[in-house]
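Q: I'd like to ask some things about the structure below.
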Amino acid sequence: MKIWVRTLLGATALGLLLSGPAASDPFKIGYIIPNAIGEAGWDHELERGRQAIVDHFGDKVQVNAVNGVGEGPDATRVMNRMAADGTNMLILGAFGLMNDGLVLARRYPDLKVLHYGGYVNEPNFATLALRHYEASYLCGMAAGMAAKTGNLGVVAAFPLPEVLSIMNAYVLGAQSVNPDIKPVKVVWLNSWFDPAKEKAAAESLASQGAEVLYSLFPGTPSTVSTAEQLGVYVTVTLSDNTMFAPTKHLCSAQAEFGPALIRKIQDAIDGKFVGDDTFSGVKDGSMGIAGLSPDLSEEQKKQIMARLEEMRNGSFQPFRGPIMSNTGQEIAAEGTNLDDTAIKSMKFLVKGIDTTLPN
Amino acid sequence: MMDALTFVVAGAFAMATPLMLAALGELVTERSGVLNLSVEGMMAIAAAIAFMTTHDTGSFLLGFAAGGVSGLLLSVVFALLVLVFLANQVVAGLAVGILGLGLSALLARSYEGMTILPMGKITIPILSDLPLVGPILFRQDVMVYLAIGSAITLAWFLFKTKRGLVLRVVGENPQAAHSIGLRPIRVRFIAVLFGGLMAGLGGAYVSIVLTPLWSQGMIAGRGWIAVALVVFACWRPIRLTVGAYLFGVVLLLDLAIQALGLSIPSVILTCMPYALTIVVLTIVSSDASRIRLNAPVSLGENFRPAN
């Protein structure tokens, strides 16, 4: 690390010599990745986002990343230190860092803060979110195609609005290609992290005849590798999980944190930073799919990719009417689409999901 | 419905095994009068080392050996603190536990999120194909049988052998034991090491058999449940085995009921095991004589020979 900093200082000094007084210090970014970086999942994608920033900006930015500090006092300490050391921008990769980030944003008006998953904005505090539901719809299509008898199972953490939107889009996607989809079974883990429970949940769904499992925001690859062992297909959010289920991996969402981050950083460098909400998806390359199974026919893959293309050019979005909830309410009428606010605050399950929501 | 039933009653053995192994070790430790609260940490470091070993060598036997040894080594640290330096048992246990958790994350950093192929189950021909009984009794992995076997062996050891009696005497009254020529420190040392070994095997089971992957923090509170199980079982091995199994059943029932699509809110099901623990603990401890008869009298107190 020290050597790296020294090299960087050396490079900057050289830059100063070559280009004269016009050269400036690199834009300093503090980047908080809450947990250990695995081979897939949230922290893995955050790390890829960091890489995308470095690849794009090169020497113009200096990214100081820390990982594994959690969302508690350790992270607070690191963030305070970064802000005090003259960091220009903090990127916070966990919901739980929101309040600490806000405190710092108010204390240092020149500091820009980017936060994932929150709901607060200040002039120098912006939030980022991804349209996971778009990729989820596409993987849902793949699941609908692969499920011969129409039995799908979902392993999910908590019934939060974002999780509901992802689950709903998945089921809508499956129903769009397969009219025989049976009521979808859901197991709520009520935990972000318990691999043994994930595994048991996957096993219980498979024992009920589920042909395709959906690992929705997995804390670990447990559901995916269990599906491989049980010989049922599996779909996943966030990252390509092919390596955990070489023969049974059907479709993964693939999040790209890079495009939105690069845009916000460029804004900050240009002095045009706004503390707004960014909700990005397929359109700007922030969301895609990966690892489509070779068991799907070329025809089926083409059908899925055609939908992706329609999302990109804006002619299709998953939540278009008519949408009925599983309690029989009409959520959206024929010909209307749900807007972003409705998608972000989703509190219903679509018709065809066999679970209840706590009040 | 039948599938769900089989899933619950057969699957509960695997869920119960790591709890059983770690709790049996803690039971022996506590019977000698030492309260070791570092079970979670010992399980974590063992899970990390066992996973790394099995991942690199492909051998489950070596994985279990490495896990057992690493749990044992961490318990040596604890034993030195409380038996030689007479540190407070609660504080030392918590500190060593945190050390174990931290070390596990550090050592297995480059293995984060990796998976290995699961260990095969023992299937006894014909018998394992019987409905319900087959998967429950004859289609488990070898550690399940070993865990139940060690519970029975321990029950025999504690209550039917002279060495078992020595262990219990030391746990009841180390001064008296010392005055009749027994060696409380040595007995306690061995008991703590045994506890470390068993917690290590339990931790190894979690990372290489139960969920064959490594992820930081994957023990997810099982060490604490093991400590609670010992009280729950009134320091008796057979009761502990039943308690661990019940815990596994309730845990899986939550998932099976959801998968069946029955409309019971999942949050209620998820808190069932913990609610049940509280209820049973209340019932057990409302009978004061039962606790008094079974709890080792000198539990948590350090021993210094009076001479």
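Q: Take the Cα atoms of region A:117-229, build their convex hull, and give its volume per residue in Å³.
A: Dividing the Cα hull volume of region A:117-229 by its residue count gives 102 Å³.
Q: Return B:T57, A:T355 ranked ascending by Cβ neighbour count within 10 Å, so the fewest neighbours appear first.
A: Going from least to most buried by this count: B:T57, A:T355.
Q: In a shell of Cβ-Cβ distance under 13 Å around A:K182, excluding A:K182 itself, what net charge do Lys and Arg (+1) and Asp and Glu (-1) give?
A: Summing Lys and Arg as +1 and Asp and Glu as -1 gives 0.
Q: I would also like to ask the following. Less than 23 Å apart at the alpha-carbon level, and either on another chain or at least 8 residues along: which lysines does that give for A:K28?
A: Leaving aside lysines fewer than 8 places away in the same chain, those within reach of A:K28 are A:K2, A:K60, A:K112, A:K264, A:K272.
Q: Same structure, new question: Grab the other residues whose beta carbon is less than 15 angstrom from that of B:L101, score K and R as +1, D and E as -1, and report the net.
A: -1
Q: For chain A, modelled as a GNM with alpha-carbon contacts under 10 angstrom, which of A:G321, A:G335, A:G209 fluctuates the most?
A: Of the options given, A:G335 has the highest mean-square fluctuation.
Q: Using Cβ counts within 10 Å as a stand-in for footprinting exposure, how do B:L127, B:L137 rank, fewest first?
A: So the residues, fewest neighbours to most, are B:L127, B:L137.
Q: Can I ask one more? Any idea what the relative contact order of region A:190-316 is, in percent, if you count C-alpha pairs under 8 Å spaced at least 6 apart?
A: So the answer I get is 18 percent.
Q: Calculate the length of the line joining the C-alpha centroid of region A:55-119 to that of region A:174-238, in whole Å.
A: 34
Q: Right, something else. Per-residue Cβ counts within 10 Å, from other chains only, averaged over B:60-71: what number is that?
A: That average works out to 0.
Q: Between A:T235, A:T341, A:T278, where does the largest GNM mean-square fluctuation fall for chain A, given springs only between Cα atoms within less than 10 Å?
A: Checking each option, the largest mean-square fluctuation is seen for A:T341.
Q: Bins of 10 Å, beginning at zero and ending with the bin holding the largest distance: percent of Cα pairs per bin for region A:251-359, please.
A: Whole-percent P(r) values from 0 Å outward: 11, 29, 35, 20, 5, 0.
Q: Could you work out the relative contact order of chain A? I mean the mean sequence separation of Cα pairs under 8 Å and 6+ apart, divided by the number of residues, in percent.
A: Result for chain A is 16 percent.
Q: Taking every residue in A:204-212, how many Cβ atoms of other protein chains lie within 10 Å of its Cβ, on average?
A: So the per-residue partner count for this stretch is 5.
Q: I've got another one for you. Add -39500 (n - 2.57) for each DSSP H run of 4 or more in chain A, then divide by its residues: what number comes out at 222 nm, to the nearest 500 deg cm²/dmol?
A: -12500 deg cm²/dmol
Q: With a ≥ b ≥ c taken as the square roots of the eigenvalues of the C-alpha gyration tensor of region B:71-207, please select rounded if a/c is under 1.5 and otherwise prolate if a/b is larger than b/c or oblate if it is not?
A: Oblate, since a/c reaches 1.5 and b/c is not below a/b.
Q: When the Cα atoms of the protein assembly as shown are enclosed in a convex hull and the volume is divided per residue, what value in Å³ results?
A: 189
Q: Of A:I37, A:I289, A:I166, which is the most mobile in a GNM of chain A whose springs link Cα atoms less than 10 angstrom apart?
A: A:I37
Q: Using the alpha-carbon centroid of each, what span in Å lies between region B:85-164 and region A:262-326?
A: For region B:85-164 versus region A:262-326, the Cα centre distance is 45 Å.
Q: Provide the gained length on full extension for the span A:A332 to A:V103, in nm with one decimal, where the gain is 0.36 nm per separating residue minus the Cα-Cα distance.
A: 78.5 nm
Q: Out of the trypsin sites (Lys or Arg not before Pro) in region A:316-359, which ones are loop residues according to DSSP with at most 14 other C-beta atoms within 10 Å?
A: Passing both the DSSP loop test and the Cβ count: A:K347.
Rule-based calculations on the coordinates, nothing more; no lab input. Everything quoted here is computed from the prediction, not taken from an experiment. Every residue, glycine as well, gets a Cβ built from its backbone with ideal geometry; the counts of neighbours run over all protein chains shown.
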